[in-house]
1. Which ones in region 65-81 are in contact (Cβ under 8 Å) with a residue 40 or more places away in the chain and in a helix (DSSP H, G or I)?
2. Determine if region 69-80 includes at least one residue that is under 23 Å from Gly182 (Cβ atoms) and open to solvent by 60 Å² or more (accessible area, probe 1.4 Å).
3. For region 7-45: of the residues being open to solvent by 60 Å² or more (accessible area, probe 1.4 Å) and of a type in the set (A, V, I, L, M, F, W, C), which is farthest from Ile68 (Cα to Cα)?
4. Could you tell me which residue of region 52-64 is farthest from Cys116 (Cα to Cα), considering only residues that are under 10 Å from the mean Cα position of the chain (by Cα) and not basic (Lys, Arg)?
5. Which of the residues that make up region 15-51 are in contact (Cβ under 8 Å) with a residue 12 or more places away in the chain, under 25 Å from Asp98 (Cβ atoms) and within 12 Å of the chain's Cα centre (by Cα)?
Amino acid sequence: MFETLSDVKSDLKQRLNSAAQDRGSPMHVPAVVTSDVDVRGMVLREFDAAAWSLRFHTDARAPKVAAIEADPRMAALFYDQPSKIQIRVKGIGRVLRDDPVSDAAWDAGDNFARRCYLGEGPGTVSETPISGLPAEFEGPEPTDAQLAPARQNFAVLLLELTELDWFYLAYTGHMRAQFTKGDQGEWQGRWVSP
């Protein structure tokens, strides 16, 4: 099934692409780690196979944004339990706020999803349980005009991959391969002991 490093690299591309496009994919919400050793689940919005980058959306006020801007090293963990495939990646994070990529991502969203950026910033302390949304949008979808202030809180998080670690848990014997991106953008692969 996985006879060559090329087979593994193709599997990596296919799984990351599927994770971004299919909400039902077991890899759709990976664990994402920032350099401050904080981890959270994030929805994978896009995998750019040509650039080997992952796109996530975030609130520009989130503590992870400051952590990424201070030290852009990041990692993510994907696991497909039915297939017994684990993918670990490392790379460099970039937060994009007011540029064509973040504008296109904002424009592609619907108002129901974009309303999340209207409320309190992530981590705001409260005496009672809160969604962070303004009360008038707990349920209803805001209009385009009502959403105008939310755009300043929306950002894209790009994770440009530099290392890939693919691990197949097989009852006949586990398999593991690693890839490192070279200075010219080429990937160097090797088999390693699980």
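1. Pass one, region 65-81, residues in contact (Cβ under 8 Å) with a residue 40 or more places away in the chain: 65, 68, 74-81.
Correct list: Val65, Ile68.
2. yes
3. This residue is Val29.
4. Kept after step one, since they are under 10 Å from the mean Cα position of the chain (by Cα), are these residues of region 52-64: 53-58.
Then drop every residue that is not not basic (Lys, Arg), which leaves 53-54, 56-58.
Values: Ser53: 25, Leu54: 21, Phe56: 15, His57: 11, Thr58: 10 Å.
Among residues in region 52-64 that are under 10 Å from the mean Cα position of the chain (by Cα) and not basic (Lys, Arg), the one farthest from Cys116 (Cα to Cα) is Ser53.
5. Ala20, Val32, Thr34, Arg40, Met42, Val43, Leu44, Arg45, Glu46, Phe47
Let's see how each residue does on (1) modelled with pLDDT under 90; (2) more than 23 Å from the chain's Cα centre (by Cα); (3) of a type in the set (Phe, Trp, Tyr); (4) farther than 25 Å from Gly41 by Cα:
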{"residue": "Arg114", "(1), (2), (3), (4)": "no, no, no, no"}
{"residue": "Ser131", "(1), (2), (3), (4)": "yes, no, no, no"}
{"residue": "Pro149", "(1), (2), (3), (4)": "no, yes, no, yes"}
{"residue": "Glu163", "(1), (2), (3), (4)": "no, no, no, no"}
{"residue": "Thr172", "(1), (2), (3), (4)": "yes, yes, no, yes"}
{"residue": "Phe179", "(1), (2), (3), (4)": "no, no, yes, no"}
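The values are calculated or read from the model by the stated rules, or taken from the named source; none is laboratory data. Bear in mind that the values here come from a model prediction, so they are computed numbers and not experimental data. Methodologically, a virtual Cβ is constructed for each residue, glycine included, from the backbone with ideal geometry; neighbour enumeration extends over all protein chains shown. Side chains are part of the model used for accessible areas, which takes the heavy atoms of the whole protein and leaves out ligands, DNA and RNA. Shrake-Rupley method; radii C 1.70, N 1.55, O 1.52, S 1.80 Å.
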